Amino acid sequence: MRAVIRAFTSAVLRGPWVVVAAFLAITALLGPLAGQIEVAQGNEGFAPDNPELRASERIGELFGSDSQEQVLQIVVRSDDGDVIDRETLQLVADIRTAITQVAGDSLSTRADRPPIVTFLAPVEAAAAQGVPVTDDAAVDGIFAQAVASGSPDVSFVTGLLAEGSDPASARASAGLILVFLEPPAADDAAQGFDAQIALEEDIAEAVASVPTPDGVEVRPFSFTLLFSGTDDFDQEVGRLFALAALIILVILAFVFWLRPTGSGWLGSVRRTAADVSLTLVTIFAAITWMQGIGVLLERAGLIGSFNPVTQIIPVLLIGLGVDYGIHVTSRYREEIGEGATVTEAIGRSIGTVGIALALATLTTAVGFLTNAFNPVPALKDFGILSSIGIAVSFLLMLTFVPAVRLLLDRRAERAGRLPRLAMAATGDRLLPRLMERVSILAERVPVATLAVAVGLGLLGWWGFSRLETRFSVTDFLPEDSPYVQTLEIIQDDFGGGFAETTQVLVEAEPGTDLASAEVHNALVEANRALTGIDAVVTLDTPVGPVPSAESPISVLQGLFAAGPESAPPEVLQAAAAAGLQPDLTVTGSAAPLWEAMTSAAPEQAARVVHRADDGRFDAVLFSIQTQAGEQGASQLRQDLLEVFSTVEELPGVSVVPTSQNIISAVIVEELAASQTVSLMITLVVATLILVVSFFIENRRPFLGVITILPVVMVVFWTYGLMYATGIPFGPVTATLAALAIGIGVPFTIHITRRFEEDRQRFESLEDALRSTTRHTGGALAGSAFTTMAGFGILVTSSLVPFQQMGQVTFYAVGLSLIGAVAVLPSLLALWESWHRRRAGEKSEELAAV
């Protein structure tokens, strides 16, 4: 570590112009790359590598885009509490016409279902057959009569009415229109997604252009539309970044301000502006380097796409990079104020602060890199890119900043314009004086201070054990987004709506045929048992409730819908060969029956069964209409696994339920399982690094343990505040352990290393503590307030995770400052007092001898 610092010192002192030129060259190289960042949206990057995600990808490979049919929902609501009337019927007809004109061939055409299904379908069908529909009474009568008929189609339509509706009386406050769309043809997934967005945005605009009656509201929704506003997200990040930079600029000016002692006001303003500008330019350069390197890593396949979490890193680096800048500048000013030449001051500041910063960088990088153990790819990439950004900040702060300062101040020194008196007075400013007063806790009541800290830490652990883990795909969308609001309406009024499809993939190992009698009969039983799951949409039929699901069983049911002899001749012949029973079970192999099914209903069969090259049926797909939502996805997954357990128990057969909500639920479970492990790994590794470092540098390894103890308390204090303020554990706040350690460890390292200098410089322990808290504590306070201000801006975000990140980081940084200037000095005071007593006892023993 010292060798690295000596290399930096040598490079800066011998070739400052070379350092500056290298900086400019690398920035020119990485700058254009940084401008090529593309941010992924939705669940991309958040889904861990697990069976549910692999099953989703496998479904696309086996069953093609046809299995990924898109559903756009349109909510129609009325202020008077009834949308089943003549006026709304005309509105629905106008919406249908507008959609047809825009969507055209993109509408999904299936023999078993029209491309547009509305909550007024029975009335529309009657009108198409010539039944007069002239007023509200006629609409109500036709609708009520259709409901009384008990038709399965009408059962599905009544499911399109808002909860609390009375279908028998033809009363409903809101209804849904479903638009089924074929995925657009595209060369790759990105082009397909862009084309889908364009199509659905056109449909949404067409629907919005339809005149609506007074008191009637029309709101289109789809998950594609939900994540279409990437520009809004980019603007949000840009706004936060700009505000953070502005506030930090103001606070840095306060921290770096020199009193006009000897140099006059003009000299103070010039020096302050130069230090602030140099620090910010360096931080922005570090961000540019990090982003450019990130693009190269992405192209090399080492990390995934940039995502909403990695977009937080620039704001993170502004706050954390300031810490390095303040410490380097403060130590340089201190050396100049004590009479050192510019060259000597530069060398000493790099040599002293550099060691602390190197150790802080190493432990901070390890803190963030513990996210490599996180199952969520976005958080792994967050850890990698954050570590790169911190390392780059360290490199630039100890090379570029001193090189520029050396070039500028040599000229000022030769001209006699160096403000030595003003720099000497830096330690007498407000923040250093305040921090010095805090040392009274370590001097007079160290045990009581530690007792309070430990007690609060235990409360924090209690809160940590009760933190809720929560994740939603809408977290990174503005709360005031109309599509987010519509989704909430669909979840509250329609039980999640009809855009939620949960798929169950059944696959056979090589040599196993899913068309065997055992597998077929198990699938029939599983299909029947689906009606017992609360979250599965069911349809009432003359033979009882059936699941709203597309599967080989539903295709067979459709072929025999009109009676045992209604199926095509080839199907009847195959049914006899398979020994088909009235309940659709078979006594022999179902292979002939499935082959006949694929011939009689090729489009439907292609969506539910897949044949391998050797002719076996090697995959089956159940596409089930569900209403579990995000909160019920985990339970739905368990219920489906239980229902299909008889299938999975068969040799050579696997079953995996999957959907976007199930994948999100898995993310939550993985986060909950990994948070404690990640925290323990971070603390253990950081402690080992500190113990080894202090053993090599000072021959006092226990200093490493002492240095990490306040950080442990800070972590649990922060978790306790999260629990107290209702902030859940999620993808963004999952970075807290690394964040608290990444911020807290540098703070405590600076205090410990400065105390090691001061305890040798001063005979009195009190004087050593006061010097440490005045000089290093003052710099830490400036760094902490700057970082808190930078992160505090996140609280103004319209995105909930950013708000939570702002709160949590504000807690972590503020508590890190308290831990560094109050708790750690108390530990150091007790530790140093013990050492001095021990040394005194040994001296007395030697004197006695």
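When the Karplus curve 6.51 cos²θ - 1.76 cosθ + 1.60 is applied with θ = phi - 60°, which whole-Hz ³J(HN,Hα) does each residue of region 75-85 get, with x for Gly and Pro?
8, 10, 10, 10, 5, 7, x, 8, 10, 9, 8
Write down the accessible area per residue of region 723-838 in Å², having rolled a 1.4 Å probe over the full set of protein chains.
Values: 3060 Å² over 116 residues.
Accessible area per residue, region 723-838: 26 Å².
Restricting the count to DSSP beta bridges whose residues both fall in the chain, what percent are antiparallel, rounded to a multiple of 5?
Working: 44 of 46 bridges.
So the antiparallel bridges in the chain amount to around 95 percent.
May I ask you to order 379-388, 292-301 by the average number of other C-beta atoms within 10 Å around their residues, highest value first?
Details: 379-388: 24.3, 292-301: 16.1.
Averaged packing, sorted descending, gives the order 379-388, 292-301.
Where does helix 446-464 land angle-wise versus the long Cα axis of the chain, in degrees 0 to 90, nearest 10?
Taking the Cα atoms of the chain, the angle to 446-464 is about 10 degrees.
State whether region 593-654 is rounded, prolate or oblate according to the following rule on the C-alpha gyration tensor (a ≥ b ≥ c being the square roots of its eigenvalues): a/c under 1.5 gives rounded; otherwise a/b larger than b/c gives prolate, and the remaining case gives oblate.
Values: a/c = 3.14, a/b = 1.65, b/c = 1.90.
Oblate, because a/c is 1.5 or more while a/b does not exceed b/c.
How much accessible area does residue 598 have with a 1.4 Å probe, in Å² rounded to the nearest 10?
Roll a 1.4 Å probe over it and residue 598 shows about 40 Å².
Whenever you get a sec, compute what percent of the accessible area on region 92-132 sits on carbon and sulfur atoms (1.4 Å probe).
On the way: 1080 of 1960 Å².
It is 55 percent, rounded to a whole number.
Please say if region 504-622 is rounded, prolate or oblate, where rounded means a/c under 1.5 for a ≥ b ≥ c the square roots of the C-alpha gyration tensor eigenvalues, and otherwise the choice is prolate for a/b larger than b/c and oblate otherwise? Each step should come with its number before you reach the end.
Values: a/c = 1.66, a/b = 1.17, b/c = 1.42.
Oblate, since a/c reaches 1.5 and b/c is not below a/b.
Can you run phi through the Karplus equation (6.51, -1.76, 1.60; θ = phi - 60°) for region 746-759 and list ³J(HN,Hα) in whole Hz, with x for Gly and Pro?
Working through the residues one at a time gives x, 4, 6, 4, 4, 5, 4, 5, 5, 5, 4, 6, 6, 5 Hz.
List the residues, sorted by chain then number, that are 5 or more residues from residue 70 or on another chain and whose placed amide H is less than 5 Å from its amide H.
The list, which skips near neighbours in sequence, is 181.
Give me the dipole magnitude in Debye, nearest 20, for region 310-384 about the Cα centre, with unit charges on the beta carbon: positive for Lys and Arg, negative for Asp and Glu. Provide the component values of the computation, followed by the final result.
On the way: 4 positive and 6 negative charges, 38 e Å.
The dipole of region 310-384 has a size of about 180 debye.
In region 58-157, which GluC sites (Glu not before Pro) are in a loop and have at most 14 other Cβ atoms within 10 Å, using DSSP for the loop call?
Working: sites: 61, 69, 87, 124; in loops: 69.
In loop regions of region 58-157 (DSSP not H, G, I, E or B), there are no sparsely surrounded GluC sites (Glu not before Pro).
Counting only helical runs of four or more DSSP H residues, what would the 222 nm mean residue ellipticity of the chain come to if each run contributes -39,500 (n - 2.57) and the total is spread over all its residues? Kindly include the intermediate steps, with their values, before the conclusion.
On the way: 32 runs with 541 residues, N = 849.
Per the formula, -21500 deg cm²/dmol.
What is the packing order of peptides 627-636, 114-123, taking the mean over residues of other C-beta atoms within 10 Å and listing the highest first? Please report the intermediate quantities before stating the final value.
On the way: 627-636: 19.5, 114-123: 22.1.
Put in order of decreasing packing, that is 114-123, 627-636.
Enumerate by residue number the GluC sites (Glu not before Pro) in region 708-805 meeting two conditions: DSSP loop (anything except H, G, I, E, B), and at most 12 other Cβ atoms within 10 Å of the site's Cβ.
Values: sites: 756, 757, 763, 766; in loops: 763.
The qualifying sites are 763.
Rg and Dmax of the chain over Cα atoms: what are they, in angstrom?
Every Cα atom of the chain included, Rg and Dmax give 34.1, 121 Å.
Please state the relative contact order of the chain as a whole percent: Cα pairs under 8 Å, 6+ residues apart?
Working: 1358 pairs, mean separation 158.2, N = 849.
Rounded, it is 19 percent for the chain.
Please compute the net charge surrounding residue 104, taking Lys and Arg as +1 and Asp and Glu as -1 over other residues with Cβ under 14 Å from its Cβ.
Once positives and negatives cancel, what remains is -3.
The values are calculated or read from the model by the stated rules, or taken from the named source; none is laboratory data. These figures come from a predicted structure and were not determined experimentally. Here Cβ is always computed from backbone atoms with ideal geometry, including for glycine, and neighbour counts include all displayed protein chains. The accessibility values were calculated without ligands, DNA or RNA, using every heavy atom of the protein model including side chains. Shrake-Rupley method; radii C 1.70, N 1.55, O 1.52, S 1.80 Å.
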